[in-house]
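Report on one structure; see the data block that follows.
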Amino acid sequence: MNPQILIVGAGPTGLALAYSLARQGVPFRIIDRNSGTGTASRALAVHARILEHYEQFGLAERNIKRGHPILSLDVSDGKKVRAQVKFHELGKGQSPFPFILSLPQDDHEEILVDELSKIGVEVEWNTELISFENTEDGVNTVMQQLGEPVEIAEFAYLCGCDGAGSMVRKGLDLDFPGGTYKQLFFVADIETAEPVDDMEKMDMYMDNDGFMLYMNVRNAHTKRILGIVPEEFNERTDVQYSEITDYVENKIGVKASKVNWFSTYRVHNRVSEKFTKGRIFILGDAGHLHSPTGGQGMNTGIGDAINLGWKLAAVVQGKADSMILGTYEQERIAFARRLIATTDKAFQTIVNQKLPGTLLREYAVPYALPSVFKFSFASKNAFKILSQIHINYRSSLLSKGKAGKIFAGMRLPWIETANGDNFAPLRSVDWQIHIYGKATPELIDFARSHSLELHEFPWEAKMKDAGFKQNALYLIRPDGHVALATDKQWLRVLNMYLESFGIVAFGAK
């Protein structure tokens, strides 16, 4: 089959989209104007929701082995630790991955490129998209590989995963509204002479000058440091680590024996006016830019890729109506806007050096924060938000119904069962029916005749605690979100849902 999809950009977002499509048997091409994967650590945090998606594709274990889990955060005022947040305790029972994975972006990209290569897909490096035209029947493109003649090619769909300066977004003439923080930030990867004691801990310092965050990267000698450049350097763009060495060492007591990478930058918060135009989509930084609060940016881009990947696969293979492609923007732009609003508010509070920031450091951190995390409800919600397992598409066209406490659009709650867990079936990356209890013979026959996977989980009391209703019907999307939820196993409602979107299971012949 000829490639029907062109992916522009081979960062984490583009590579995740490529792997999703490849695993679902969809032909595509992926190009990048760079000569290969990145050489700097850049984004580090990989959250639970992304690891859950990777587990569906068989990628989670390799990523976890390459990185290392961050299990806790110490918040200090420079004198003593004022609060400790234990991610593995907050996330226990909510996800099979109750931690933040520290994995440098260059390692992350290398894994995805290697896994693509194993299944016969190669990134076309040194290749640039020169122009494109959105037509009713497809997308006409002009590309050029370094040193080669110009190539003209037509695709059914084009996916712009080409970063903050996206040529695809600009070519679509989309506004990119938002703002830029006044402070100049820095990020550094340094090596220390002595190994760190605890590889599983992240530290945040907050005082009258703002904040500084540091965590372990790659090994026991390498640390990532992120913070605000001192005010006297704020108007410069050529600041070197050597100029702020004393500032950093006085704050966190970490002395660099070697600086592997250092960069200064301005933080933006922007969301494109649209994520879709005709047959063209934008994903990741091309569509949204975030503050570094919570390490949400890269994870959100990969989430975009997973969301769009199964929908493109279904439409290209004739197993769903093309109307479902409209739900990509509906679902992901709403989440991006909410995320921008929440991370912006949190970030403004952290970096603000005036009264609100002082109150935060002197009262909220030492007194309020520790007490909040003593309450189960608050701590569980904190993990849900940070890990992105709270993401839901309740208002999506694809979301219908509610059963028990679980409504359509939610990520399927994870639960350990007597024989494993309810996420194991999601590895098929296909539509499936879940029954927590017992399926009726009629439903079993319906599922068989429609080539739909049907998974029965014998009822356990803890399933009610997770929100499930005994014997209710839950239709699960390929990305692990609930599509349809009904109190009873109503075949007519299920059939109407499938027919309304032209859905055929990927496994159907």
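Okay, here's what the table says:
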{"quantity": "Stretch gain in nm, segment Thr440-Arg66, where the contour uses 0.36 nm per residue and the Cα spacing is subtracted", "calculated": "130.2 nm"}
{"quantity": "Accessible carbon and sulfur surface of the stretch 1-111 relative to its total accessible area, %, 1.4 Å", "calculated": "45"}
{"quantity": "Globularity index of the stretch 191-277, i.e. its alpha-carbon radius of gyration over 2.2 N^0.38 Å", "calculated": "1.31"}
{"quantity": "FRET efficiency, Glu128 to Ser428 (Cβ-Cβ, R0 51 Å, nearest 0.05)", "calculated": "0.90"}
{"quantity": "Estimated FRET transfer efficiency (Thr135, Ser322; beta-carbon r; R0 25 Å; 0.05)", "calculated": "0.95"}
{"quantity": "Residue order for Leu491, Leu172 - accessible surface, 1.4 angstrom probe, largest first", "calculated": "Leu491, Leu172"}
{"quantity": "Kirkwood hydrodynamic radius over Cα pairs of the stretch 234-302, then Stokes diffusion coefficient at 20 °C and 1.002 mPa s, in µm²/s", "calculated": "140"}
{"quantity": "Listed residues Gly409, Thr300, Leu386: farthest to the positive end of the dipole of the chain (Cβ charges)", "calculated": "Gly409"}
{"quantity": "Prolate/oblate/rounded label for the stretch 122-254 (Cα gyration tensor, a/c 1.5)", "calculated": "prolate"}
{"quantity": "Accessible area (Å², per residue) of the stretch 154-270, counting only protein heavy atoms and a probe of 1.4 Å", "calculated": "47"}
{"quantity": "Whole-percent pair-distance distribution, where bins are 10 Å wide, for the alpha carbons of the chain", "calculated": "4, 18, 28, 26, 16, 7, 1, 0"}
{"quantity": "Point-to-point label distance, Ala220-Glu456, nm (Cα→Cβ direction, 7 Å offset)", "calculated": "5.2"}
{"quantity": "Full-extension gain in nm, Asp77 to Asn34, via 0.36 nm per residue minus C-alpha separation", "calculated": "11.3 nm"}
{"quantity": "Residue-normalised accessible area of the stretch 421-493, given per residue in Å² at a 1.4 Å probe", "calculated": "43"}
{"quantity": "Computed FRET value (nearest 0.05) for Asn495 with Ser395, which takes r as the C-beta separation and R₀ as 22 Å", "calculated": "0.40"}
{"quantity": "For the chain, with +1 on Lys and Arg beta carbons and -1 on Asp and Glu, the positive-most of Ile7, Ser117, Gly467 along the dipole", "calculated": "Gly467"}
{"quantity": "Listed residue (Ala424, Val248, Ile100) projecting farthest to the positive dipole end of the chain, Cβ model", "calculated": "Ala424"}
{"quantity": "Nitroxide proxy distance, nm - points 7 Å out along Cα→Cβ at Asn250 and Val142", "calculated": "5.6"}
{"quantity": "In nm, spacing of pseudo-spin labels at Ser263 and Lys182 (7 Å Cα→C-beta vector)", "calculated": "2.6"}
{"quantity": "Antiparallel bridges, percent of DSSP beta bridges restricted to the chain (to nearest 5)", "calculated": "75"}
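The values are calculated or read from the model by the stated rules, or taken from the named source; none is laboratory data. Since this is a predicted model, take the numbers as computed values, not measurements. Note that each Cβ is placed from the backbone with ideal geometry, even for glycine, and that neighbours are counted across all protein chains shown. Just the protein is used for accessible areas: all its heavy atoms, side chains included, with ligands, DNA and RNA removed. Shrake-Rupley method; radii C 1.70, N 1.55, O 1.52, S 1.80 Å.
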